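The values are calculated or read from the model by the stated rules, or taken from the named source; none is laboratory data. A quick note: this is a predicted structure, and the numbers were derived from the prediction, not measured. So basically every Cβ, Gly included, is an ideal-geometry build from the backbone, and we count neighbours across all protein chains shown.
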Amino acid sequence: MQRLPSLKTYSLRGIRARVAFAHDLAMAALSFLIALYLRVGGDFTYFSPDFVMQATVGYTVIAGIVFWGLRLYAGVWRYASVEDLLVIIRAVSIICLLFFAAMFLVSRLELIPRSALPINWLVLLVLLGGPRFVYRLFKDRRAHDAGERDGERRIPVLLVDAGDSAELFIRAINRAKQSAWHAVGLIDEKGGRVGRNIHGVQVLGGIDDIPAIAERMGREGRKPQRLIVTKSVINGEEVQRLLAISEKLGIGLARMPQLDDFRESVDAAPEIRPININDLLGRPQATLDRSSMAQLIGGRRVLVTGAGGTIGSELCRQITAFGPSSIALVDNSEYQLYAIDLEIGEKFSDLPRRAILADVRDADRIGRVFAEERPELVFHAAALKHVPMVELHPDEGALTNVIGTKVVADACCAHDTLAMVLISTDKAVNPSSMMGATKRVAESYCQALDLREGGARGDGRTHFVTVRFGNVLGSTGSVVPLFQRQLAAGGPLTVTHPDMTRYFMTVREAVELVLQSSVQGVADDAEQGKIYVLDMGEPVKIIDLARQIILLAGRQPDIDVKIDITGPRPGEKLFEEILHASEELVPTTHPGILLAAPRATDLTLLTHAIDELDSAARAGNRNDARAIVRRLIPEFKSPNNGNNLSDDTKSVASR
């Protein structure tokens, strides 16, 4: 619960304001006398005492009215700035103009030299502004000296980026009554500010100079214990460089909070947070054409399956921002459905929405949902995606990933849905697991439907768009949350194989890819049946990711936290691919999106085989279910040889 300020606090503020107001009135009276003295020098007897007294009182009264009206006394001297100076200039100018007008009405300016007024303007400006800025300099210097004295108790840090954010950080830690940080140097990425300083903190060199700087400062007894990135935007390559340097030096890497991370007190030290896991991509995050997405979604009825999952919930967030006429949230998890429905309701209370508890494997239930909602766009994110779990329960994997997809796709055809978007995975390429193989069957069914429907789209037939991408950083069941839980428990972090690699992307990228692919798939009939994939750059070694997560926590891999190699799990591959050899690449108009030509499958034969799979899976016959999937996907490798890659496989990384 937020604490309200006490009456004592308000009283203290009132006393300070009255003192400041009294100071300004005294300076106004003094400035008038000084201006007269500077104008006439020692011949002050030129003015009668009564006139001087009356004019001074009148000038002070005018000044008091202006100060009160402009609330000049409300400024905090501790934080006097250029803005305060502008207010003072405005106040002094108004006072002089009003006094000039008053003297003109009283004596036609015969009782006071005209040149005394501009002199008074300058003197009052100095007397009002000078004490404020002297006080700020005094407080800043005292805070800086206190920081220097407390340097032995504070953690010495190097700030990466000698810019505005670094200046804010240094000011914040200098003003803070208690701060854990002591800035001992600045690192300028471009090197143009080396040798200069910000608030007394020297710019010591560039990023490549950090090891030499740390070694030199170590000999001086003030070796930095952490690198803090102060810039608001940092790309993956810079993060990788800094992580490599921090690991070599044995120091932590963190970043300054963003300007919109609001603080309760301006005197509080900034809380340093670890580098965000999304910063580890090692490439810029793809940003796609959001205006075309808004044109596709705006004003249309949308349905999302798996709405409570990582991808499904992010889909709901981004879709609702584009102004659909309504949105239906479908999930079989009561809690996840409740959570995303609550979130959407809080952010978009006026948007018609419906939370629907349903299983995509139930054809009758899904049919009723489609009949009631009449969706124009369907995003099918419901799936079982955990590889070892689906290996243990291949029948359940087949029912959700294959039968569930068929149920939703058939409902789209039956109710004239404009487009259905299938969320797939790179594990569907040369699958070594039942999870990947069942997703490949789902892809095949949607591709076959799209090729069939494409010939008669003028009659309101459905577009089927398949989107394939790699691992989503931080998604439920993925490796990053596992590493974070293991790290919180003190380790060790478990990696199945030292050479295992994966493609990674952020959840925002994944969803933008889905939406952009929807735009392109609906707009271009020539691309029917094709699969959209994201060029995710180079794959990342899982063991390297584990080491980076340990470093980001301020610990040392293999010293503070161990990494254990446990061996590949059933169905796991060492290397993931996102394209099969027979899927020829087709260029697209959107950078970062690749298009794979389809491997055509006869829809009648495929439907018959899926019906067999449905019967076997519902009967709990796991061996038959696995055999049917293997028959449908010839490249499906069993867990025993799942790590052997076929010679004709190609991936984006090899391009």
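Things to note:
- Test result for ALA510, more than 25 Å from the chain's Cα centre (by Cα) and either modelled with pLDDT under 80 or buried (at least 24 other Cβ atoms within 10 Å of the Cβ) (or both): no
- Of all residues in the range 355-378, those satisfying the criterion of being outside any helix (DSSP H, G or I), out of contact with any Leu (no Cβ under 7 Å at 6 or more places or on another chain) and charged (D, E, K, R) are ASP359, ASP362, ARG374.
- Considered as a group, the residues in the range 385-403 that are among the hydrophobic types (A, V, I, L, M, F, W, C) and within 16 Å of SER432 (Cα to Cα) include one that is nearest to the chain's Cα centre (by Cα), and that residue is VAL387.
- Check on VAL522, modelled with pLDDT of 75 or more, in contact with a helix residue (DSSP H, G or I) (Cβ under 6 Å, 6 or more places away or on another chain) and farther than 24 Å from GLU635 by Cα: no
- Any hit, the range 361-373, residues being under 27 Å from the mean Cα position of the chain (by Cα) and in contact (Cβ under 8 Å) with a residue 12 or more places away in the chain: no
- First in the range 8-36 and assigned by TED's automatic domain parsing to the domain that holds ALA116, second anywhere and at pLDDT below 80 and not in a helix (DSSP H, G or I), Cβ under 7 Å, 6 or more apart: LEU36/PHE47
- Among residues of the range 487-507 being outside any loop (DSSP other than H, G, I, E, B) and of a type outside the set (A, V, I, L, M), the one that is modelled with the highest pLDDT is THR494.
- Given (1) buried (at least 19 other Cβ atoms within 10 Å of the Cβ); (2) modelled with pLDDT of 70 or more; (3) touching a strand residue (DSSP E or B) at 6+ places or on another chain (Cβ under 9 Å), index of the condition ASN174 fails: (2)
- Conditions (1) at pLDDT 70 or above; (2) exposed (fewer than 14 other Cβ atoms within 10 Å of the Cβ); number of the one not met by PHE99: (2)
- Check on ARG149, part of a helix (DSSP H, G or I), more than 24 Å from TRP68 (Cα to Cα) and at pLDDT below 75: yes
- Selection over the range 440-486 of residues that are modelled with pLDDT of 90 or more and more than 19 Å from ALA411 (Cβ to Cβ) gives a count of 1.
- ASN120 meets all of the listed conditions (1) loosely packed, with under 14 Cβ neighbours inside 10 Å; (2) of a type in the set (S, T, N, Q); (3) at pLDDT 75 or above but one, namely (1).
- Test: residue in the range 538-552 that is of a type outside the set (D, E, K, R), at pLDDT 80 or above, more than 24 Å from the chain's Cα centre (by Cα) and not in a loop (DSSP other than H, G, I, E, B): yes
- Checked against (1) at pLDDT below 90; (2) buried (at least 21 other Cβ atoms within 10 Å of the Cβ), THR287 passes all but condition (2).
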